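J.: The structure's right below; bear with me while I get my questions together.
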Amino acid sequence: MSWKTQMVDKKWGKRSNIFFLFLIATALLFGFFHLEQLVYCEQLQLFQGNLKGILEKLLIPGGISIFLGEFFVQFFKFRVGALVVIVGSLGILLYFSYNVFSRIVNKNIALLFSLIPSIGYSLLFLNNFFYFSGIIAFIFSVVSIGIYIRIDDIKKRRLVAFLLIPVIYWVGGGAVFVFSLSAFLYEVLMDNESSDIEKWLFSLIYLLLSILIPLVVRYTVFYGN
């Protein structure tokens, strides 16, 4: 094994240690010091719901995240289940956030940046009135950002952005703004091939779409009659 490979493995080992230390700290926080937070939300009896009620949720913008949030909340009846769901969701968010930031900045800095949303949501979980669907929608948006920035071809990347914006809105509701703002910043700061006019034009279109699509859906689909 070459010294370069050993250095890479050593650095990856340190980042992995930080990753697992965060998860362990989160488990200790909720498992021993904030036990009451693990049962903060009343179980919504989703397992006893009928198909019609489920479809009504899935057919509204953000309904998929709401449904998944209510589904996972069912496990909050058991403290172990709640702990697994909370730590698991924060770990997934940390992993995909790191994948996004590591494509843009140094991997060590990327790890620090990726800790910010996970720490933020761990604090939000301390609020009894925080809806679990929020982190579901945010994770979906972060995953979509990762898909978007991995496309090197500019035309394909922009096409994917146009397709993802309505999908993210339908799955995650307001989390679409996280994607559109990230796409805006990525185009403006990272695109060195397009002209300034072209970069700003497409970047602003992303933001406008994330505003116009919810308005159109609101006043045509739901209030059109």
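Matching residues to (1) over 27 Å from Ile149 (Cα atoms); (2) surrounded by fewer than 21 Cβ atoms within 10 Å (Cβ to Cβ); (3) in contact with a helix residue (DSSP H, G or I) (Cβ under 9 Å, 6 or more places away or on another chain):
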| residue | (1), (2), (3) |
| --- | --- |
| Pro61 | no, no, yes |
| Phe71 | yes, yes, yes |
| Ile109 | no, yes, yes |
| Leu115 | no, yes, yes |
| Leu123 | yes, yes, no |
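J.: Check Phe76, Phe130 and return the single one that is touching a Leu at 6+ places or on another chain (Cβ under 8 Å), in a helix (DSSP H, G or I), hydrophobic (A, V, I, L, M, F, W, C) and modelled with pLDDT under 90.
T.: Of the residues listed, the single one that is touching a Leu at 6+ places or on another chain (Cβ under 8 Å), in a helix (DSSP H, G or I), hydrophobic (A, V, I, L, M, F, W, C) and modelled with pLDDT under 90 is Phe76.
J.: Could you please let me know if Ser203 is in a loop (DSSP other than H, G, I, E, B), of a type in the set (S, T, N, Q) and in contact with a helix residue (DSSP H, G or I) (Cβ under 9 Å, 6 or more places away or on another chain)? Spell out the reasoning first.
T.: Numbers: in a loop (DSSP other than H, G, I, E, B): no; of a type in the set (S, T, N, Q): yes; in contact with a helix residue (DSSP H, G or I) (Cβ under 9 Å, 6 or more places away or on another chain): yes.
So Ser203 fails the test.
J.: Hey, any hits in segment 1-14 for a residue that's modelled with pLDDT of 85 or more and surrounded by fewer than 15 Cβ atoms within 10 Å (Cβ to Cβ)?
T.: no
J.: Please identify the pairs in which a residue from segment 131-160 that is over 16 Å from Ser203 (Cβ atoms) has its Cβ atom under 8 Å from the Cβ atom of a residue that is surrounded by fewer than 16 Cβ atoms within 10 Å (Cβ to Cβ) and charged (D, E, K, R), counting only partners at least 6 apart or on another chain.
T.: These pairs meet every condition: Gly146/Arg103; Arg150/Arg103.
J.: Does Leu185 satisfy the condition of being out of contact with any Leu (no Cβ under 9 Å at 6 or more places or on another chain), farther than 18 Å from Ile147 by Cα and either modelled with pLDDT under 95 or assigned to a helix (DSSP H, G or I) (or both)?
T.: Judged against the criteria, Leu185 is not a match.
The values are calculated or read from the model by the stated rules, or taken from the named source; none is laboratory data. Since we're looking at a predicted model, the values are computed, not measured. Note that we place each Cβ from the backbone using ideal geometry, even for glycine, and neighbour counts take in every protein chain shown.
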